[in-house]
Amino acid sequence: MLDKINDIKEKIQSFSIENEDELEAFRLEFLSRNGKVQSMFGLMKDVPNEKKAEVGKLMNEVKNLAHQTFENAKVELLKSEEKEFGALEDITLPVESTYTGSYHPLNRALNEIKQIFLRLGFNIADGPELEDDFHNFTALNFPPDHPARDMQDTFFVRKSEEEQDLVLRTHTSPVQIRLMKEKEPPLRSIIPGRVFRNEAVTAKSYFQFNQVEGLYVNVRVTMGELIETLVMFAQLMYGSDVKYRVRPSYFPFTEPSIEMDVWWESEKGGQWLEILGAGMVDPNVFESVDVDSEKYTGFAFGMGVDRIAMLRYGIDDIRLLYDNDIRFLEQFKS
Ligand code: DAH
């Protein structure tokens with residue numbers, strides 16, 4: 001009898017409990033209703049009366065040992081779980097950080113541009129990516145069959161044989177037309193958006209990119225104000241000591257037209273970079289949207305966002321901006 005009891009005691013002592021399953025196995029083997037501890041007490045009826053006190057004491061010891069072992073093992077398991085899954089006890093302990101995502105470099109550059117023009121009193125507007133010929137070309141003073149239309153290789157979208165082809169907008173300038181049709185001057189908006197051109201895909205060119213258009217229409221808007229606005233933009237964007245120059249240029253929808261360059265320092269010495277086209281809204285454009293060109297004047301500008309982002313972040317291949325490769329994007333966590 002005593003041997004049997006000591007045998008159970010030994011089994012309890014040598015049982016290894018390293019995980020939840022083993023803890024449960026222990027419970028079943030010793031502590032359940034049919035377990036060894038319970039059946040051990042069943043043997044009591046065979047114990048002669050004069051031995052009952054001694055055997056009972058031993059049995060109680062074994063029973064307590066089983067309960068103690070079970071409770072201790074349970075606490076130990078809980079502790080190691082806490083270690084594994086983080087600080088349950090001390091919430092000030094650092095936890096492993098999880099991936100939180102980051103701004104796309106294009107959105108970063110765009111946000112900077114937006115902030116600058118919001119400061120300068122512009123609001124933000126937008127328009128459709130799928131345009132018609134009127135908004136993308138005709139209303140912007142591109143004459144029919146004029147070579148100026150070839151300045152921008154166009155993706156056409158056919159709706160049906162009868163209807164005129166639509167175009168994926170080649171620039172954000174058509175939104176100028178929409179704004180002026182919608183609302184009387186004064187107007188002072190920037191229009192960020194995606195544009196599309198049928199160009200070969202290389203490290204330097206892509207079939208889509210991003211522009212920010214600007215339009216200011218009011219009484220007595222002057223070329224001086226245009227240049228002042230652009231210089232202010234360049235200083236806020238590239239630093240107050242930015243070196244810039246303004247050159248005459250040509251766009252069908254502005255007269256006169258200009259382009260602005262900024263000096264970009266690099267290890268190889270530096271170079272002039274064209275950052276935007278601009279000009280005074282051509283009276284023909286005002287006419288196409290019934291704005292009185294005797295009463296109002298205005299200026300417009302358009303800039304590429306991709307190039308700004310590439311220079312800013314040292315990205316040498318435009319395709320990286322559109323691949324959405326997580327290994328690339330991860331580098332822009334702030
Ligand atoms: N739309 C022109 C382009 O994509 C850029 C541009 C030039 C926009 C002059 C303007 C502007 O508003 O006045 O090349």
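Are any residues in region 108-145 among the hydrophobic types (A, V, I, L, M, F, W, C), touching a helix residue (DSSP H, G or I) at 6+ places or on another chain (Cβ under 7 Å) and outside any helix (DSSP H, G or I), and if so, which ones?
Leu120, Ile124, Ala125, Phe137, Phe142
Taking the conditions exactly as written (within 14 Å of the ligand (Cβ to nearest atom), modelled with pLDDT of 95 or more and outside any strand (DSSP E or B)), does Phe286 satisfy them or not? Reasoning before the result, please.
Numbers: within 14 Å of the ligand (Cβ to nearest atom): yes; modelled with pLDDT of 95 or more: yes; outside any strand (DSSP E or B): yes.
In short, yes.
Which residues, taken from region 163-178, are surrounded by fewer than 19 Cβ atoms within 10 Å (Cβ to Cβ) and in contact (Cβ under 8 Å) with a residue 40 or more places away in the chain?
At the first step, the residues of region 163-178 found to be surrounded by fewer than 19 Cβ atoms within 10 Å (Cβ to Cβ) are 163-166, 178.
Arg178, the sole residue that qualifies.
Kindly indicate whether Met237 is at pLDDT 95 or above and either within 33 Å of the chain's Cα centre (by Cα) or hydrophobic (A, V, I, L, M, F, W, C) (or both). Lay out the reasoning, then the answer.
On the way: at pLDDT 95 or above: no; either within 33 Å of the chain's Cα centre (by Cα) or hydrophobic (A, V, I, L, M, F, W, C) (or both): yes.
When the stated conditions are applied, Met237 does not pass them.
Could you list, in sequence order, all residues of region 256-268 that are of a type in the set (Asp, Glu) and more than 10 Å from the ligand (Cβ to nearest atom)?
Start the filter on region 256-268 by keeping residues that are of a type in the set (Asp, Glu), which leaves 259, 261, 265, 267.
Answer for region 256-268, where residues must be of a type in the set (Asp, Glu) and more than 10 Å from the ligand (Cβ to nearest atom): Asp261, Glu265, Glu267.
Here's the yes/no breakdown for (1) in contact with a helix residue (DSSP H, G or I) (Cβ under 6 Å, 6 or more places away or on another chain); (2) among the aliphatic types (A, V, I, L, M):
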position: Leu2; (1), (2): no, yes
position: Lys9; (1), (2): yes, no
position: Ile12; (1), (2): yes, yes
position: Glu18; (1), (2): no, no
position: Glu22; (1), (2): no, no
position: Val37; (1), (2): yes, yes
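Contact list please: Cβ distance under 6 Å, first residue in region 53-79 and assigned by TED's automatic domain parsing to the domain that holds Glu29 and within 12 Å of Leu2 (Cβ to Cβ), second residue surrounded by 11 or more Cβ atoms within 10 Å (Cβ to Cβ) and among the basic types (Lys, Arg), pairs at least six apart or on different chains.
Val62/Lys9
Please go through region 297-316 and give me each residue that is at pLDDT below 95 and either of a type in the set (A, V, I, L, M, F, W, C) or part of a loop (DSSP other than H, G, I, E, B) (or both), ordered by number.
Within region 297-316, Ile308, Ala309, Met310, Leu311, Gly314, Ile315, Asp316 meet the criteria.
Based on what the data block shows, is Glu294 away from the ligand (no atom under 16 Å from the Cβ), farther than 26 Å from Pro143 by Cα and assigned by TED's automatic domain parsing to the domain that holds Phe117? Give the steps one after another, and end with the answer.
Details: away from the ligand (no atom under 16 Å from the Cβ): yes; farther than 26 Å from Pro143 by Cα: no; assigned by TED's automatic domain parsing to the domain that holds Phe117: yes.
The answer is no for Glu294.
Rundown of residues vs (1) away from the ligand (no atom under 14 Å from the Cβ); (2) of a type in the set (Asp, Glu); (3) touching a Cys at 6+ places or on another chain (Cβ under 7 Å), yes/no style:
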{"site": "Ser249", "(1), (2), (3)": "no, no, no"}
{"site": "Gln271", "(1), (2), (3)": "yes, no, no"}
{"site": "Ile275", "(1), (2), (3)": "no, no, no"}
{"site": "Val281", "(1), (2), (3)": "no, no, no"}
{"site": "Asp290", "(1), (2), (3)": "yes, yes, no"}
{"site": "Gly304", "(1), (2), (3)": "no, no, no"}
{"site": "Leu311", "(1), (2), (3)": "yes, no, no"}
{"site": "Asp325", "(1), (2), (3)": "yes, yes, no"}
{"site": "Phe332", "(1), (2), (3)": "yes, no, no"}
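Pick out the one residue from Glu274, Glu294 that is at pLDDT below 95 and among the charged types (D, E, K, R). Break it down stepwise before answering.
Values: Glu294 fails: at pLDDT below 95.
From the options Glu274, Glu294, the qualifying one is Glu274.
Looking at region 34-55 only, could you name the residues that are surrounded by 11 or more Cβ atoms within 10 Å (Cβ to Cβ) and under 29 Å from Ser16 (Cβ atoms)? Before the answer, list the steps.
To start, the set of residues in region 34-55 that are surrounded by 11 or more Cβ atoms within 10 Å (Cβ to Cβ) comprises 35-41, 43-44, 47, 51-52, 54-55.
Gly35, Lys36, Val37, Gln38, Ser39, Met40, Phe41, Leu43, Val55, listed by residue number.
Considering Val195, Val221, which residue is in contact (Cβ under 8 Å) with a residue 24 or more places away in the chain, assigned to a strand (DSSP E or B), under 22 Å from Met180 (Cα atoms) and within 16 Å of the ligand (Cβ to nearest atom)?
Working: Val221 fails: assigned to a strand (DSSP E or B).
None of the others qualify; the one that does is Val195.
The values are calculated or read from the model by the stated rules, or taken from the named source; none is laboratory data. Keep in mind that this is a model prediction, so the values were computed, not measured. Glycine also receives a Cβ, built like all others from the backbone with ideal geometry; neighbour counts cover every protein chain displayed.
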